[in-house]
Amino acid sequence: MSDYKFFKQVNHAFDAAAKYSRFNKGLLDQIKICNNVYRITFPLERDDGTIEVIHGWRVEHSHHKLPTKGGIRFSMTVNEDETMALAALMTYKCAVVDVPFGGAKGGIRIDRTNYSAGEIERITRRYAYELIKKGFLGPGSDVPAPDYGTGATEMGWILDTYRQLKSDINAEACVTGKPIPQGGVRGRTEATGRGVFFGVREACRKAGDMTELGLQPGLEGKTFIIQGLGNVGYHTAKYMSEGGARLVGVAEIEGSIYDPNGIELEKLVEYREETGSILGFGATKELGSNTAVLEAECDILIPAALENQINDSNASRIKAKILAEAANGPTTASAHQTLKEREVLIIPDNYLNAGGVTVSYFEWLKNLSHVRFGRMEKRFEEGSYRKILNVVESGLDRSFTEEEMKELARGADEYDLVDSGLEETMINSYDQLNELRKKHDIDLRTAAFLNAIEKVGVMYEQMGIFP
Ligand code: NAD
């Protein structure tokens, strides 16, 4: 049985921020607690005919906005404490990026590598069935998404299970992170990593803040280390590299590697696919353990795997000036304190990895409106741009080539609109947090909690208490 260590850790950060808010203890307690905790067990008939009991959870942390929203995790670390903590983080994350959902999280305690594809499908569908039975899945009640160990395939199975049991015209909106033909939105797969990139880039743009860290403003030339090359880690590393930063270290389950001259991400991924490991890649140096690289020289350290990776055992030796929390809960409370004393800029998880839920929100909107973003406007925009370009042309002594015309008059498609909405969200929210940080002389994590507490608190004040 868990002792709610992780959930307590989240509440510890909440309490540190609550001091700066105007709300009374009763209201703060209501914001903090988990509204619904559902523990599920069900049998799985394995391919060899044996029966195994599967343990799962779904936690709806806050009903101040509906639906609640949060990923489903398949991992051996899943327990009640972890699911509660991650659900709470979802509430605060959604508030920080102005996504109108309450927070939730789900998980199944399995190591998915021990199961066949068919078994994973049966586990996912039975879990979805159990959620539906108790009202924990639906477009207006609770909408899951992928998380550690799950992806678009599992989300597709969840949708199909829902559709088999419910006649609901909005069925597609019951889950996000789906494959595109099933109502997924373009840009969702890479959204979390893309959002991490926008957030780190924004932090690096603040010249004054960078000077305080002894760094130049801008992403260009900054070195970074990434832990985890999964969905979030890979996409973060990709956009960071494309944005001019240099990948110098990588940690994966099998170990960690470092090369101060830079690591080519795509070649590394190819190498890992071929050999099953990152070790031995190119000119990289193999470090002792899979956490050793976290302590190596770099400007930006990006944990993008699991929680509690930066803890008392390594915090005092971390050399990065910026800790960018792409994973959920990667830094323990006391490690946070150590890094803060050493004036490391911590860009917190409940802001930085909110790109996933932001684009999930766009996907949910798309599903409810039953139309692809840009479908109505694209041609109209292109026509309008062409008219403007024709006027411009008449004042020039040459005409645009058809190629130039196509490029300049391109109307926004779904990916463009999603990416633009995500970029706007990450920039706008960073500015909100940075302003609070400066106003109260607090760190960005406390600012993110405070920002969330204020938004959720106002909702409760305005809604009143039922009945
Ligand atoms: P994923 O399963 O796609 O990838 C996780 C990666 O971490 C895998 O490649 C795995 O091999 C690696 N890993 C596991 N243990 C490791 C270790 N000890 N050292 C180094 N690498 C290790 O999962 P993901 O979706 O990328 O999620 C990663 C983190 O980001 C989680 O904390 C998750 O909660 C968080 N997150 C994910 C999303 C999303 O949209 N997927 C959104 C917000 C937050």
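The values are calculated or read from the model by the stated rules, or taken from the named source; none is laboratory data. The structure presented is a predicted model; accordingly, all values stated were derived computationally and were not measured. Using ideal geometry, Cβ is built from the backbone for each residue, glycine included, and neighbour counts are taken over all protein chains shown. For accessibility, only protein heavy atoms count, side chains too; no ligands or nucleic acids. Shrake-Rupley method; radii C 1.70, N 1.55, O 1.52, S 1.80 Å.
What percent do you get for the relative contact order of segment 23-126 when only Cα pairs under 8 Å and 6+ apart count? Each step should come with its number before you reach the end.
On the way: 199 pairs, mean separation 30.2, N = 104.
Result for segment 23-126 is 29 percent.
Give me the Kirkwood hydrodynamic radius of segment 209-292 in Å, from all C-alpha pairs, to one decimal place?
Values: mean 1/r = 0.0757 Å⁻¹.
One over the average 1/r among Cα pairs gives 13.2 Å for segment 209-292.
Over all directions, what mean area does the Cα convex hull of segment 353-416 project, stated in square nanometres? Intermediate values should be presented prior to the final figure.
Details: hull surface 23.0 nm².
Mean shadow area of the hull around the Cα atoms is 5.7 nm².
Grab the beta carbon distance between Lys439 and Met463, set R0 = 25 Å, and tell me the FRET efficiency rounded to 0.05. Write down the numbers at each step before the final one.
On the way: r = 27 Å, r/R0 = 1.08.
It comes to 0.40.
What figure, in Å² to the nearest 10, do you get for the accessible area of Leu279 with a 1.4 Å probe and non-protein molecules left out?
Surface accessible to solvent at Leu279 totals approximately 40 Å².
Could you work out the pair-distance distribution P(r) of segment 162-225 from its alpha-carbon pairs, with 10 angstrom bin width and percents rounded to whole numbers?
18, 30, 17, 17, 13, 5
Can you give me the % of accessible surface on the chain that is carbon or sulfur? Probe 1.4 Å, all protein chains present, nothing else counted.
Carbon-and-sulfur percentage of accessible area, whole number: 51.
Two-decimal Rg/Rh of segment 199-358 from alpha-carbon positions, Kirkwood Rh?
We get a ratio of 0.94 for segment 199-358.
Can you tell me the dipole magnitude for the chain around its Cα centre, using point charges on the Cβ only (Lys, Arg +1; Asp, Glu -1), in Debye to the nearest 20?
Working: 56 positive and 68 negative charges, 268 e Å.
It comes to approximately 1280 debye.
Quick one: what Rg and Dmax do you get for segment 388-467 from the alpha carbons, in Å?
That works out to 23.0, 73 Å for Rg and Dmax.
In whole percent, what relative contact order does the chain give with Cα contacts below 8 Å and a gap of six or more residues?
On the way: 911 pairs, mean separation 72.9, N = 467.
In percent, rounded to a whole number, it is 16.
Could you rank Arg205, Arg46, Arg372 by how accessible they are, 1.4 Å probe, largest area first?
Listed by decreasing accessible area, they come as Arg205, Arg372, Arg46.
Compute the distance from the alpha-carbon center of segment 394-467 to that of segment 37-68, in whole Å.
Spelled out, the Cα-based centre of one part sits 34 Å from the other.
Arrange the residues Met155, Met463 by how much accessible surface each exposes, largest first, with a 1.4 angstrom probe.
Details: Met155 0, Met463 95 Å².
Listed by decreasing accessible area, they come as Met463, Met155.
Output the Kirkwood hydrodynamic radius of segment 290-430, Cα pairs only, in Å rounded to one decimal.
About 18.8 Å for segment 290-430.
Listed here are the pairs Lys25/Lys206; Lys178/Lys238; Lys32/Lys134; which of them are more than 25 Å apart at the Cα?
Lys25/Lys206
Kindly point out which whole DSSP H helices in the chain project their C-alpha atoms 27 angstrom or further along the helix axis while averaging a Kyte-Doolittle hydropathy of 0.0 or above.
444-463
Let's test this: bin the Cα-Cα distances of segment 245-308 at 10 Å from zero up to the farthest pair and state each bin's percent.
In order of increasing distance, the bins hold 23, 59, 18, 0 percent.
Taking the alpha-carbon distance from Lys406 and a cut-off under 26 Å, which lysines remain once sequence neighbours fewer than 8 residues away in the same chain are dropped?
Reachable lysines: Lys378, Lys387.
What number comes out for accessible area per residue over segment 239-291 if the probe is 1.4 Å? Units Å², please.
Values: 2730 Å² over 53 residues.
Per residue, segment 239-291 has an accessible area of 51 Å².
Check Leu66: other-chain or 5+ apart residues with amide H under 5 Å from its amide H, H built from backbone geometry?
Close amide H contacts, sequence-distant or interchain: Gly102.
Subtract the Cα-Cα distance of Met376 and Asp431 from 0.36 nm times their separation in residues, and report this length gain in nm to one decimal.
16.6 nm
Using only alpha carbons, build the gyration tensor for segment 130-266 and give me the equivalent ellipsoid semi-axes, biggest first, whole Å.
38, 17, 12
Stokes-Einstein at 10 °C, 1.306 mPa s, Kirkwood radius from Cα pairs: D for the chain in µm² s⁻¹?
68 µm²/s
State the percent of C-alpha pairs, over all pairs in segment 73-191, separated by a distance greater than 25 angstrom.
19 percent
With runs of 4+ DSSP H residues as the only contributors, calculate the mean residue ellipticity of the chain at 222 nm using -39,500 (n - 2.57) per run, divided by the residue total and rounded to the nearest 500. Could the numbers behind the result be given before it?
Numbers: 16 runs with 214 residues, N = 467.
Roughly -14500 deg cm²/dmol at 222 nm, from the helical runs in the chain.
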